[in-house]
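Below is one structure, written out as structure tokens, with a few remarks after it.
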Amino acid sequence: PDENTEDPLPIDEADDGCFCEPKPCFNAEPWTNQHPGLKIPSADDQGDSDSDYISDDGQQVFNILRHRGIKTVLLMGVHLNMCVLGRPFGVRQLLRLGFSVAVVRDLTDTMYSPKVHPFVSHFEGTKRVVRHVETYLCPTTTSAHLLMELRKLSTARTGGGGEGIKDGGDKSPLHVKPFRFEGQTEDP
């Protein structure tokens, strides 16, 4: 984090969030691939520049986003206090590069153990990190809000065909900086 613009995270992540007893886990390298059951074809596989991509290379992610004209990025994943914030394609770097960024807070988690500071539950530790993100970095939203907005877009484009998308109704008070889609003038 940039200590000129961001306070330290409100949780201690020094133990990598390990709950294991009696001795901690052995953690080596971060994971480098998705679950084997998840198949996302590359552009090379399909011969199509509009394919989905998987990359852990910050420069490659930046190039893809710029090439496709993407200016707003929604981030989700494990772990908010580690990869989602700090990877070369994470929140902090995307903000430095001028992207508009929001975190989908109910589709992320933190790497935190209640055995360390601030000695609160794992869920409270996650809430504190979400508040930190909303205070210092970017807005957050929920998957329910995204689905609601997608339903509106689908309905507007199809004349009523978006009813199949359901939302979960998350009304969490953590949403202190509402995320607004382009053209949206009021809070959800």
- Got a number for residues in segment 35-93 being of a type in the set (S, T, N, Q), at pLDDT 90 or above and either at positive phi or assigned to a loop (DSSP other than H, G, I, E, B) (or both)? 0
- Query: Any idea which residue in segment 103-127 is surrounded by the most Cβ atoms within 10 Å (Cβ to Cβ), counting only those that are of a type in the set (A, V, I, L, M, F, W, C) and under 16 Å from Thr142 (Cβ atoms)?
  - Reply: Val103
- Take segment 94-107 and flag every residue that is under 16 Å from Leu146 (Cα atoms) and either part of a helix (DSSP H, G or I) or charged (D, E, K, R) (or both). Arg105, Asp106
- Task: Run Gly98 past the list (1) out of contact with any Ser or Thr (no Cβ under 8 Å at 6 or more places or on another chain); (2) at negative phi and report the number of the one that doesn't hold.
- Result: (2)
- Tally time: how many residues in segment 119-153 are of a type in the set (A, V, I, L, M) and touching an Asp or Glu at 6+ places or on another chain (Cβ under 8 Å)? 4
- Within segment 128-138, which residues are open to solvent by 30 Å² or more (accessible area, probe 1.4 Å) and not in a loop (DSSP other than H, G, I, E, B)? Arg128, Arg131, Thr135, Tyr136
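The values are calculated or read from the model by the stated rules, or taken from the named source; none is laboratory data. On a predicted model such as this, the values are computed, not experimentally measured, just so you know. Positions of Cβ are generated from backbone atoms using ideal geometry, with glycine treated the same way; all protein chains shown enter the neighbour counts. These accessible areas exclude ligands, DNA and RNA; they are computed on the full protein's heavy atoms, side chains included. Shrake-Rupley method; radii C 1.70, N 1.55, O 1.52, S 1.80 Å.
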